[in-house]
1. Tell me, which residue of the stretch A:282-340 that is without any contact (Cβ under 8 Å) to a residue 40 or more places away in the chain, assigned to a loop (DSSP other than H, G, I, E, B) and at the interface with chain B (Cβ under 10 Å from one of its Cβ atoms) is surrounded by the fewest Cβ atoms within 10 Å (Cβ to Cβ)?
2. Could you list, in sequence order, the residues of the stretch A:251-281 that are exposed (fewer than 15 other Cβ atoms within 10 Å of the Cβ) and under 35 Å from the mean Cα position of the chain (by Cα)?
3. Working carefully through the options A:181, A:185, find the one that is free of Cβ contacts under 8 Å to residues at least 12 places away in the same chain and either more than 25 Å from residue B:249 (Cα to Cα) or out of contact with any strand residue (DSSP E or B) (no Cβ under 8 Å at 6 or more places or on another chain) (or both).
4. Somewhere in the stretch A:245-260, is a residue facing chain B (nearest Cβ under 9 Å) and out of contact with any helix residue (DSSP H, G or I) (no Cβ under 9 Å at 6 or more places or on another chain)?
5. Yes or no: the stretch B:136-155 includes at least one residue that is buried (at least 19 other Cβ atoms within 10 Å of the Cβ) and over 23 Å from residue A:320 (Cα atoms).
6. Looking at A:157, A:165, A:170, which one is without any contact (Cβ under 8 Å) to a residue 12 or more places away in the chain, in contact with a strand residue (DSSP E or B) (Cβ under 7 Å, 6 or more places away or on another chain) and in the same structural domain as residue A:12 (by TED's automatic domain parsing)?
7. Please go through (1) more than 10 Å from chain B (Cβ to nearest Cβ); (2) in contact (Cβ under 8 Å) with a residue 60 or more places away in the chain for residue A:234 and return the number of the only condition it doesn't satisfy.
8. Taking the stretch B:220-230 as the search range and keeping residues that are over 14 Å from residue B:155 (Cα atoms) and within 7 Å of chain A (Cβ to nearest Cβ), which one is surrounded by the most Cβ atoms within 10 Å (Cβ to Cβ)?
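The values are calculated or read from the model by the stated rules, or taken from the named source; none is laboratory data. In this text the structure is predicted, and so the values were computed from the model without any measurement. A quick note on method: Cβ atoms are made from the backbone with ideal geometry, for glycine too, and the neighbour counts reach across all protein chains shown.
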């Protein structure tokens, strides 16, 4: 039994935010049933990356990843007759998750302002780009747009060349994954209270707001007037020699902010002549652009002759925060990830055996677990209370 | 407002923070935003550096105040035996403890999970480390941009065919803190239902990887190691960030052929919609550099906000790339009460950043970050039941203040 065993979740999601939120709950044993359009299923079934096996509708690695431990049920919510079936399902669940454009919920009969009169016990959670009541000029957004509306885009990368465009984040879906974390946190918090009070809640997660809240340390100082705001692309940056450097087999990242880091660098490089010209505690007190450039130049020369994992190990043993810039291959090979069992084997009925990334937290009593691969399209649903016959 | 009366789903939950800097405090902040009473254990002997950045007065540090609203502070020197005794007594009256000290530090202090569990068998104990608390690399340490580099994110952020530049240097701590908060919440629910506490071991680096799970799947399924791709997206074109006047930038994402038709009309180039070079996604992807040049030439003379509005009116996903000026002026963020006003003990107010959600019946967010030891009387007196004489004794011995 895991922590969320016995919790029933209806997932009305068709995008990454809602599906990942459902996955976060299902990983801990929640009984998650997703409704899919008959015939085509969730749009994420058509999205990359694709497995070599499985064929259309079943070969999406994205869908396979996002929908482990879930079951699927075919129901076309666009049909008028679907509402009675939907309402019957809602009677039997604790939580409903959705990630459609704002206003969609009211259209299917689950108006955020009034659902509690009929279903006072229900926890209803929506994930949208800008919340449930966006202004007219924010009704359409992909994750790229949310990332740039949140401030992260404009300020990425650090040390930007202002003539070149600001960048998107890593991968395609960072804003959705971030928002899903907040959504899952709020859903479980609402369940925690509901166990005692019996009352549900409406939870309205805004991806833009989630991302902006992630920069609270900086934005909080700006909005309170303690830090300057400006059109500078460097407004979130920290100053100092920290940077990504090329090495023989890839890239390394070095962080340096304290005397201990400087001392460790000296030991690592064998106390070269150029370091002796630097004043003590220059990193904290006399960190000029010239010195930063000089340090970066010398570190760059040295790292070009090094391999990333070996350099990181030697530096870390001396107290210098130097790390490898890992790619997916490095992660799968990481001895630390192996030790923690971050990748887990799971066989998908159409795609075959795979290795799935899991979660960053290990719970000693109720660990997250992958037990069931993502549902196939049109797979018969059995033993689902209240859902019999919905597939036909 | 008394923490006991703030409302919210976690009203009545008590969380103790043995945390520093950003990630651990962010975990506590999210739980406080949900209504928990969150108490920071602090001391001058082991001060959170964010209380000292940029200011002489450790009670007025802006960065600290940004991340620690809504919390309480008790001053206990955890490097003394008596201090550890007081902390264990406090944990005996608490539900959760969060620590993000250096690897192994809690054990050396006598506050490891086994010890705490003896004092409070059903505690939810949350340990946060760059690589987690055990394993061959758990001795390594780093700051947020190290998490992003190790977790696989930095390698994906950069211009096509060039060296990676990585996410903004500030990224990482708060995401990691949120992952820890979610795990904590799951453990709290389990404890409410069964009476059983547990130990949670959170890895910052793995938290980063969970932000690119699908990219990692591409490797495990196909052996594909993805690299920097600028602003490209395999399933959308155009998909990019384009220059506007006065050094502004606009993000535009076209996810369908009808959206491309609409964009061509807004550009006053309707012939592009049906042009064989651009009509389909495959065609647009094949000529993406040319497509990006076309768009950039058209956007360059325009105002980003105005253009975003005109594109939105035609159903096209577009948004200004917001600078810090835009962010603090964003009318939508103000309308949703993302920015909140909190007060300190003297009645002075300041604005803080709220949570990423709204919810019915949410907790009141009204209190500023605490002064060092502001709640000594409440914690030592009321919660631990120490008499005035006992408290004076601890203060004289330097264990508390």
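1. Filtering first and then ranking leaves A:334.
2. A:259, A:260
3. Values: A:181 fails: free of Cβ contacts under 8 Å to residues at least 12 places away in the same chain.
Answer to the check: A:185.
4. Checked against the condition, which is being facing chain B (nearest Cβ under 9 Å) and out of contact with any helix residue (DSSP H, G or I) (no Cβ under 9 Å at 6 or more places or on another chain), the stretch A:245-260 yields no hits at all.
5. No, there is no match, as no residue in the stretch B:136-155 is buried (at least 19 other Cβ atoms within 10 Å of the Cβ) and over 23 Å from residue A:320 (Cα atoms).
6. Being without any contact (Cβ under 8 Å) to a residue 12 or more places away in the chain, in contact with a strand residue (DSSP E or B) (Cβ under 7 Å, 6 or more places away or on another chain) and in the same structural domain as residue A:12 (by TED's automatic domain parsing) holds for just one of A:157, A:165, A:170, which is A:165.
7. (1)
8. Checked the stretch B:220-230; the qualifying residue surrounded by the most Cβ atoms within 10 Å (Cβ to Cβ) is B:221.
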